[in-house]
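Heads up: the structure comes next, in structure tokens.
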Amino acid sequence: MKAAGRSARTRLRDRVAASDPGLLRLTAGLRTVGAIALTLGVLAVFGVDVKHLVAGAMAAMVATFAIREKEPVPQAVTLALGLPVALASVSLSPLLTSRVVLGDAFFVVLIFCAVFVRRFGDRGTALGLIGFQVYFVSLFVGAKVSGLPGLWAAIGVAFASSAVVRFGVVPATPARILGLLRQAFRARLAQLIATQLDLLDAGPDDIDRTLERLRDGTARLHETALMIQSRLEEGTPDPSTARLVQRRIADAEIAAERLGLLLLTARSAERADTLTLHLPGAPAPAVGRSPAPGEATETLRRDLTALRTLVLRPPAEARGTALAHLRNRLLGYRDEENLPEATAAVQDVFRGIGETARAVMGLRIALDGPQDESDDSPATARSREELDAEDAAIDAGEEAAEEEQTGLRRPTTRAAVQVAVGSSLAIVGGEFLSSQRWYWAVLTCWIVFINTASTGEILVKGYRRLLGTVLGVVAGIVLAGLVGNHTWTAFGLVLVLIFAMFYTAPLSYTLMSFFVTAMLGLLYTLLHTYSMSVLVLRVEETALGAACGIVAAALVLPIRTDRRTNELLGTVLERLTDVTEGAVDQLSGGPEADLLDTARELDQALGDLRAATQPLTHPITPLRARRDTAQYVVALLETCAYHARSLAATAELLPTHPSIAADPRLRGAVRRTVRNIEAIAAHVADEDAGAQVETGPSIASLLEPDAAGVPRYGRITGRVLRHLERLDEAVVGLARPLGVSVRTPQR
């Protein structure tokens, strides 16, 4: 019964970890709600009025979510610096209230500075956010000069409460967050393997739905891998450990994705295209019966279940001979003599299971330390030796500094000018709508510029905020009617809505806006300023602020979505060239390179491009053909990135792996692919460049044969060639949607 209880708790923990990697959303929600609750409790003891309770609650929320540093000491410094900024901001608002023109001009300057200081990193961003938001709080509660001492006290309590909750009640060190992210990676990897198991048995009616789940699981696993990579520097004790974890995470991700592709191929009449795993809505290949009749199918099903068990079993439950037996059997498939009798495609699946089991063992060693080796089989011992040799070869590399833009080309400066112009328009328009609550338009204009970089992104964000606000107004009307004059009931619902706001913020901006607006309806009730007209005015001011932001983004130093995506596409192609050339050069016998960091830069560039294309792929876009083209291009680039990562991972094994030898002929085979990537990049940079993509014989046929009687290439080189073939095909596939001409050389 104890074991069953532990198993149930483990399953629940894994589900939570997979749904919220690192528990980052839960931590943000708990910290904010805790800080607000503590602030309200302290202020209530001193018997302050509702206005100061609302001001303290909002200040506590700002002091909590504005801090973005990952380590506790920088967080404490920023929080300490934020308090005088908040006090100065809340003091200036009532002093300037009677001077309308001067007050409005100062508000615009404050907004400009709040965006401009983002150039100084997380601390500058936090201080700018605190300065603006606390100024807004003073406008919201109608601060007066005579009431400043009370507001200072409320804000001081709010910042102190935020510090207590952040560092005492809900602490989150980089090492702890990284540990939770590792747990999430394991949980999502196990979920992906479970979906692959479903793929094994899916019939023709279920294959499309299962394939969609497979795409989603692959994308979620990659998302978690990127989150881990972004926190390795702070969460690990030294660079070597960080690189080791990064390597093992990359190995496991690549092996799992390859296993899914091999399973799909085994279910298909021909080799499955990697693009199928990345293009949303792509039709599944023609599927027949299960991949192999009888015993082989049952063995495959059993071993996929065993692989999932290896991934999920925590270190405390991993002792004993049963798990060692599973591990030994799966790793045995790395040897040809242990493969069961089956078709070539099904045998490839068993090989994929063996390679994934090796990656899982490496991941377990990297995350949990040395393992019990007493029950190792020869295949397991050999895999462990390979991992040890790879670990010993890992060394830290240096990152090159990027060229920094200056003047109006600097993103923060450009955004500061845009938001200042948009806010000026919002102030003028907001005054016409309401001389008392014009600041809602300014707040919306400010918010639509946060974390956006093009006009299209601002348009989509403004639409989502408006939609969430309209829905939130309806909820606010209902909640305000239910609460009535019950102050603490209203504050309790406010805490629930704030938690929901922060928990859903990374998932849906519309949902977050909904919870914000519903919460504001309750705050208006507490301040006795609630009415239907006030909530309708909230919608009008939101629409005005979004419109002003869009106009400013479109007319003042505009960055069109096309220009933004082209710049990012050029960066992705440049990183793809770096990874491909570096990997193939090392596989050809060249010097060792820092391929892991190069592959990570490719993933980051591709993630930026994927985010920038959201305005083009959004469901409301009227340009359907353009949306389909953007999705197709991103899917092709994700396919290219997968094969480039696989090449890099294989190249990293070269110095230590006994079965991998350098093949100098590979360097010549990849030249055409690199030229094609460069041609596409040249066309993206200048449509009149006249660049052409070249097709021709297969990559494998470009290898010069060795001496008579010697095989053209071994199995490892064959795998490398398959990745190069698929990469070459995907690069040529990019030419058509991007408008690059394709040339076939004459024989």
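The values are calculated or read from the model by the stated rules, or taken from the named source; none is laboratory data. Keep in mind that this is a model prediction, so the values were computed, not measured. Cβ sites come from the backbone with ideal geometry, for glycine too, and all protein chains shown count toward neighbours. All accessible areas refer to the heavy atoms of the entire protein, side chains included, with ligands and DNA or RNA removed. Shrake-Rupley method; radii C 1.70, N 1.55, O 1.52, S 1.80 Å.
Per the listing 241, 274, 236, the residue uniquely polar (S, T, N, Q), modelled with pLDDT under 90 and under 17 Å from residue 637 (Cα atoms) is 274. Residues in segment 166-177: is at least one of a type in the set (D, E, K, R) and under 26 Å from residue 519 (Cβ atoms)? Yes, segment 166-177 contains at least one residue that is of a type in the set (D, E, K, R) and under 26 Å from residue 519 (Cβ atoms). In the condition set (1) surrounded by 21 or more Cβ atoms within 10 Å (Cβ to Cβ); (2) at pLDDT 90 or above, residue 220 is compliant with all but (1). Might you check whether a residue that is farther than 30 Å from residue 301 by Cα, touching a residue at least 60 places away in the same chain (Cβ under 8 Å), more than 30 Å from the chain's Cα centre (by Cα) and crowded, with 23+ Cβ neighbours inside 10 Å occurs anywhere in segment 127-137? Scanning segment 127-137 turns up at least one residue that is farther than 30 Å from residue 301 by Cα, touching a residue at least 60 places away in the same chain (Cβ under 8 Å), more than 30 Å from the chain's Cα centre (by Cα) and crowded, with 23+ Cβ neighbours inside 10 Å. Evaluating residue 148 against the criteria (1) touching a Lys or Arg at 6+ places or on another chain (Cβ under 8 Å); (2) at pLDDT 90 or above; (3) surrounded by fewer than 18 Cβ atoms within 10 Å (Cβ to Cβ) leaves one unmet condition, (1).
Taken as a whole, the structure leaves residue 220 outside the set of residues that are closer than 18 Å to residue 70 by Cβ and either among the hydroxyl-bearing types (Ser, Thr, Tyr) or in contact with a helix residue (DSSP H, G or I) (Cβ under 8 Å, 6 or more places away or on another chain) (or both). Residues of segment 366-381 that are part of a helix (DSSP H, G or I) and surrounded by fewer than 17 Cβ atoms within 10 Å (Cβ to Cβ): 368, 378, 381. Look at segment 173-198: where a residue is open to solvent by 10 Å² or more (accessible area, probe 1.4 Å) and a partner is among the acidic types (Asp, Glu) and part of a helix (DSSP H, G or I), sitting 6+ places away or on another chain with Cβ atoms under 6 Å, you get 174/234. Could you list, in sequence order, the residues of segment 538-567 that are modelled with pLDDT of 85 or more and open to solvent by less than 20 Å² (accessible area, probe 1.4 Å)? Scanning segment 538-567 gives 541, 542, 545, 546, 548, 549, 552, 565.
For segment 227-273, a tally of residues being hydroxyl-bearing (Ser, Thr, Tyr), farther than 30 Å from residue 300 by Cβ and in a helix (DSSP H, G or I) returns 3. Taking every residue in segment 553-581 that is of a type in the set (Gly, Ala, Ser) and pairing it with any residue that is assigned to a helix (DSSP H, G or I), at least 6 positions away or on another chain, the pairs with Cβ-Cβ distances below 7 Å are 553/418; 553/455; 553/458; 554/455; 570/681; 570/684; 570/685.
Among the residues here, residue 123 does not qualify as buried (at least 22 other Cβ atoms within 10 Å of the Cβ), not hydroxyl-bearing (Ser, Thr, Tyr) and not in a loop (DSSP other than H, G, I, E, B).
When only residues in segment 726-742 that are without any contact (Cβ under 8 Å) to a residue 60 or more places away in the chain and in a helix (DSSP H, G or I) count, which is surrounded by the fewest Cβ atoms within 10 Å (Cβ to Cβ)? The extreme case among them is 736. If you go through segment 56-108 and pick out every residue that is without any contact (Cβ under 8 Å) to a residue 60 or more places away in the chain and among the hydrophobic types (A, V, I, L, M, F, W, C), you end up with 14.
Scanning segment 325-357 for residues that are in a helix (DSSP H, G or I) and under 15 Å from residue 262 (Cβ atoms) yields a count of 17. Does residue 266 satisfy being over 23 Å from residue 602 (Cα atoms) and modelled with pLDDT under 90? In short, yes. Each residue in segment 254-267 was checked for being open to solvent by 10 Å² or more (accessible area, probe 1.4 Å) and under 13 Å from residue 646 (Cβ atoms), and 5 of them qualify. Within the span defined as segment 709-723, every residue fails to be modelled with pLDDT of 85 or more and β-branched (Val, Ile, Thr).
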